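Step one of this worksheet: look at the structure below.
Each reported figure results from applying straightforward, stated rules to the coordinates on display, with no laboratory input. Nothing here was measured: the structure is a model prediction, and the numbers come from that model.
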Amino acid sequence: MAACDDAVVSSPPSTPTAGRPRSGTRRLPAATAREEILDAAAELFAQRGYTATSTRLIAEAVGIRQASLYYHFANKEQILAELLEATVRPSLAYAGELSRKDLTAAVALRELVKYDVGVLLGARWNIGVLYALPEIATEPFTHFRRERERLRLAYRRLAAAAASDRIGDPDVAGDLVFGLVESVIGMRRDLPVLSSAEQLQRTVAAAALRLLGADDDRSDDPA
């Protein structure tokens, strides 16, 4: 009797597998993957340092694969550039809004200072501490440097218009105001307890006007 051929059993059609699930809970449940990557990177950059943080560590903090991170950002420099630009972009836009309003220079400057301080204090992570990194002088951060310079020039213009005649060099005065605003970055880093954001906004704005010898005319407050 001839032996029977072994039956050929066909395999069932393969089912596409889902992507690798995140490990752990999401950092920001309502955020996009890109926003979570930025948030994780900001925390690591601010607390561990930029050099000590790799894209692998950022991906692990989000709970995704490193390859998934590269879908959103080409490299670590691109992540930092986006974070840095986010610290100046809102204030630049607000400076433009103020320029279109019928305000005295002193009032416009006061409002810009308050807004800018609010941006720097309101960020979830104190990313401004990275402004002094030597890497910021390199090509990947050209756009950030240009945007920050535009903000500095906005302060210079308002300071020149608001300063009293006793101020010798209005450009220097404008740079001093700009530095005064950014001093809240160091305060946030160094002081265990800060005053409320609203109180710091008022205090820094008042100090800026005193530095310029300008009148703080509350009757001309923006609507």
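Just to check I understand the Karplus step: with θ = phi - 60° and J = 6.51 cos²θ - 1.76 cosθ + 1.60, what whole-Hz values come out for the stretch 137-151, glycine and proline as x?
Result, ordered by residue: 7, 8, 4, x, 10, 4, 5, 4, 4, 5, 5, 5, 5, 4, 5 Hz.
How much length would be gained if the chain were fully extended between Ser195 and Ala137, taking 0.36 nm per residue of separation minus their Cα-Cα distance, in nm to one decimal? All intermediate terms of the calculation are to be shown ahead of the outcome.
Working: separation 58, 0.36 × 58 = 20.88 nm, distance 3.28 nm.
Working it through step by step, the gained length comes to 17.6 nm.
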